[in-house]
1. Which one of the conditions (1) β-branched (Val, Ile, Thr); (2) crowded, with 16+ Cβ neighbours inside 10 Å; (3) part of a helix (DSSP H, G or I) does ILE76 fail to meet, given that it meets all the rest?
2. Does the stretch 34-47 hold any residues that are outside any helix (DSSP H, G or I) and either acidic (Asp, Glu) or modelled with pLDDT of 95 or more (or both), and which are they?
3. Take the stretch 322-333 and flag every residue that is surrounded by fewer than 17 Cβ atoms within 10 Å (Cβ to Cβ) and of a type outside the set (Lys, Arg).
4. Mind checking which pairs have a first residue in the stretch 347-369 that is free of Cβ contacts under 8 Å to residues at least 40 places away in the same chain and a second that is in a helix (DSSP H, G or I) and of a type in the set (Ser, Thr, Tyr), Cβ under 6 Å, 6 or more apart or different chains?
5. Can you confirm whether the stretch 289-301 contains a residue that is of a type in the set (A, V, I, L, M) and farther than 15 Å from ILE173 by Cβ?
6. Which condition number does VAL310 fail, the rest of (1) surrounded by fewer than 18 Cβ atoms within 10 Å (Cβ to Cβ); (2) touching a Ser or Thr at 6+ places or on another chain (Cβ under 6 Å); (3) of a type outside the set (Phe, Trp, Tyr); (4) at pLDDT below 95 being met?
7. Six or more apart or on different chains, Cβ atoms under 8 Å: show the pairs whose first residue is in the stretch 415-434 and under 20 Å from LYS116 (Cα atoms) and whose second is outside any helix (DSSP H, G or I) and small (Gly, Ala, Ser).
8. What about GLY218, is it in contact with a strand residue (DSSP E or B) (Cβ under 8 Å, 6 or more places away or on another chain), surrounded by 21 or more Cβ atoms within 10 Å (Cβ to Cβ) and farther than 21 Å from TYR305 by Cβ?
Amino acid sequence: MVKRTVLIVDDEKNIREGLSDAVEMEGYSSLKAENGKEALSLLSKEDVDIVITDLKMPVMSGTDLLKKIYSSYPTIPVVVLTGHGTIEDAVFAMQNGAVDFLTKPVNLDHLFVLIKKCLSNKEIVEKNYQLQKELDDIKSRNSYSRIIGRSQGARRLMDTIQQVAPTRASVLITGESGVGKELVADALVHFSDRKDAPFVKVHCAALNANLLESELFGHVKGAYTGAISDKKGRFEQANGGTIFLDEIGEIDQSTQIKLLRVLQEREFERVGGDKTIKVDVRVLSATNKNLEEEIQKGNFREDLYYRLNVVNLRVPPLRERKEDLFLLCTNFLNEFCKENGRNITGFSNEAKAAIDAYSWPGNIRELRNCVESAVVMCKGNTIELSDLPITLHHSAERDDVITLELGTTLEEAEKAFILGTLDKYGGNRTRAAEALGIGRKTIHRKLLQYSGEDKSADEEA
């Protein structure tokens, strides 16, 4: 793990040296400067993660330093140090970019909590920036911004879409509910030579048998009660272009026969009519059903299945493409922040852990709804676990928990957390310290206080 670096700026040598020793005991690296000018020089040469600066200094004050950091290094958090007589200056500094202030003499426990919080927020911003950059790169490479992914499954899907799209072959898109089958159909049209021709979508499950037949093939005046005039069907509307039949597994046997004829002969008659209409239409269809099982049950025609399934595109569920999870989260976060006028930088580590642990039975549709809800519920600039839907809270619950009875002292609770975390990480003090947000030397010091601790344990086990 790369050590985070704290830059300490103070003209008093004792404070500078004392704070430096303290942060290094907690596992951080430290840099020291006695005024703002020297601090800026270090910032230009070194990787600094957080700055702790006094306000009253010669050569360049902490206030002037803060302004220059804010303009040149806006992602570096700055904590100001102040004496009791300069609280107003500290408040002014916070209004101009400082994240917090500490009064002298410094409370080290408060300092370490503050450093951890600042670095955690900085890490969220950095990770979100990296995800945003990767998201932009993927969208640029794909030339199609609506299907997002770096996983093998997502890349294979996009490659196949671009290979199949220019052909006239019928494509059957399969996958669970919510995986984005309609987006795949959109992409097939986008990369085809019919991009500028009609593209008609039909959601077959939304219509009963009689209405679906009329919707697909049209009807003539008087074909049935309410048919007061001739009407073009969706196949006529799509002539020269593409039709997308979503939930194709829901159509009845009578409509299946007529659909088979369209695929074979490129012709049909309107409901109630006798005039044969010829069309040039590419057929894309989608289903979340296993059509081979439906054939065995007698619910779906085998000959129609083979006509529809010239090319099969399986869209993987979200649980099979976890690499894409936070790219999708970032994309939806951008979308809903813009839509709702919010400025949210990303997801907290706890929120990410819950998102990652959840199985996403509703796939991308469920994830999109989750992020929209979180953006609306978020009270700050980071989405926390409490902002996520309650169903995700259960995914964050773990078996490796520590239970404390009421009446447990703080000293006993601290011991239980440290020993329990060490046990979880197999005695590895570095990983345990990282999880607890404290320095490795602090764990070592605490273990020396606990009776029965094996002091000879391998610190890097």
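The values are calculated or read from the model by the stated rules, or taken from the named source; none is laboratory data. Here the structure is a predicted model, which means the values were calculated and not measured. Using ideal geometry, Cβ is built from the backbone for each residue, glycine included, and neighbour counts are taken over all protein chains shown.
1. It fails just one condition, (3).
2. Filtering the stretch 34-47 for residues outside any helix (DSSP H, G or I) gives 34-35, 46-47.
GLU34, GLU46, ASP47, listed by residue number.
3. Taking the stretch 322-333 and keeping what is surrounded by fewer than 17 Cβ atoms within 10 Å (Cβ to Cβ), we get 322-323.
Residue satisfying the conditions is GLU323 alone.
4. Close Cβ pairs (under 6 Å, with a partner that is in a helix (DSSP H, G or I) and of a type in the set (Ser, Thr, Tyr)) amount to ALA357/SER395; TYR358/SER395.
5. Filtering the stretch 289-301 down to residues of a type in the set (A, V, I, L, M) leaves 291, 295.
Okay, now just the ones that are also farther than 15 Å from ILE173 by Cβ, so 295.
So far as the stretch 289-301 goes, yes, one or more of its residues are of a type in the set (A, V, I, L, M) and farther than 15 Å from ILE173 by Cβ.
6. Tallying (1) surrounded by fewer than 18 Cβ atoms within 10 Å (Cβ to Cβ); (2) touching a Ser or Thr at 6+ places or on another chain (Cβ under 6 Å); (3) of a type outside the set (Phe, Trp, Tyr); (4) at pLDDT below 95, VAL310 fails exactly one: (4).
7. That search, which allows pairs on different chains as well, returns ALA433/GLY27; ALA433/GLY439.
8. Details: in contact with a strand residue (DSSP E or B) (Cβ under 8 Å, 6 or more places away or on another chain): yes; surrounded by 21 or more Cβ atoms within 10 Å (Cβ to Cβ): yes; farther than 21 Å from TYR305 by Cβ: yes.
It is true that GLY218 is in contact with a strand residue (DSSP E or B) (Cβ under 8 Å, 6 or more places away or on another chain), surrounded by 21 or more Cβ atoms within 10 Å (Cβ to Cβ) and farther than 21 Å from TYR305 by Cβ.
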